[in-house]
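These notes concern the structure reproduced below.
The values are calculated or read from the model by the stated rules, or taken from the named source; none is laboratory data. What you see is a predicted model; the values in this text were computed from it and never measured. Cβ sites come from the backbone with ideal geometry, for glycine too, and all protein chains shown count toward neighbours.
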Amino acid sequence: MNPNYTQFEGIEAVLFDLDGTLIDSAPDLGAAADKMRTDRGLSSFPLVHYRHMAGSGARGMIGIALGLTPEHPEFAELREEFLLNYESCMTERTYAFDGVAELISKIDQAGLRWGVVTNKAERFALPLTRVMPLFATAATVVCGDTTPYPKPHPAPLLEAARQLKIQPERCLYVGDDERDIVAGRAAGMPTVAAAYGYLGASGETEAWNAHATIRSANELLNYLRMP
């Protein structure tokens, strides 16, 4: 234990955001959006153009690819085109961030339960987590449409705690977006900002009011009481 870290007490479960926290899905999201460009005879964009907006879903990807906002009259049709593109490739280039597999292994070894709370729809999140070995020991996967409200509403996090039969204050929530921290605090959970993620990489995590900030996945272990 590094003396520079203050451990969270009484934690029985660790909940994670998905994209930008556990997995880097930007390559597949970017490919789905870029196909919209090339299908229209436009030049391909490199992944770097898309990466910073990977946490914003279809809105962000279409905005980068075609320069259109949700107010555009054809946005709903374009959104479904993007989602179909993504559905066909979502496991081709997606991988766990460095240190995540080791982190999950140590959480399992410590006897802590863990799970996922994401705004990704069940249509995508459930097949993705089923096919990736990383999630074999996940005790719950709560998606953006599992409850009536997505994050930053606390409902998805409270649902995860309910499924685990663990009090919210004994669940730690880790995410790379300010809405993760807002949702976690509203649910009464201690929160950790993943500054290595998509929106965390912007360097503004200090303003999110998280209880702690990590710059690599393995750094989370310093905040957990491990045997």
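Each row is one residue, and each column tells you yes or no for (1) modelled with pLDDT of 95 or more; (2) out of contact with any strand residue (DSSP E or B) (no Cβ under 7 Å at 6 or more places or on another chain); (3) of a type outside the set (A, V, I, L, M).
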| residue | (1), (2), (3) |
| --- | --- |
| Leu126 | yes, no, no |
| Thr137 | yes, yes, yes |
| Val142 | yes, no, no |
| Thr147 | yes, yes, yes |
| Ile166 | yes, no, no |
| Gly184 | yes, no, yes |
| Val192 | yes, no, no |
| Glu204 | no, yes, yes |
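Taking the conditions (1) surrounded by fewer than 18 Cβ atoms within 10 Å (Cβ to Cβ); (2) of a type outside the set (Gly, Ala, Ser); (3) in a loop (DSSP other than H, G, I, E, B); (4) modelled with pLDDT of 95 or more in turn, Arg225 satisfies each one other than (4). For Gly57, the criteria (1) surrounded by fewer than 20 Cβ atoms within 10 Å (Cβ to Cβ); (2) on the phi > 0 side of the Ramachandran plot hold in every case but one, which is (1).
Residues considered: Arg162, Arg123, Arg130. Of these, the only one that is farther than 22 Å from Ser25 by Cβ and out of contact with any His (no Cβ under 8 Å at 6 or more places or on another chain) is Arg162. Evaluated against (1) touching a helix residue (DSSP H, G or I) at 6+ places or on another chain (Cβ under 7 Å); (2) of a type in the set (A, V, I, L, M, F, W, C); (3) modelled with pLDDT of 95 or more; (4) under 26 Å from Ala201 (Cα atoms), Leu78 falls short on exactly one condition, (4). Within region 178-192, the set of residues being assigned to a loop (DSSP other than H, G, I, E, B) and small (Gly, Ala, Ser) comprises Ala187, Gly188. Taken together, the criteria place Phe8 among residues that are surrounded by fewer than 22 Cβ atoms within 10 Å (Cβ to Cβ) and in contact with a strand residue (DSSP E or B) (Cβ under 8 Å, 6 or more places away or on another chain).
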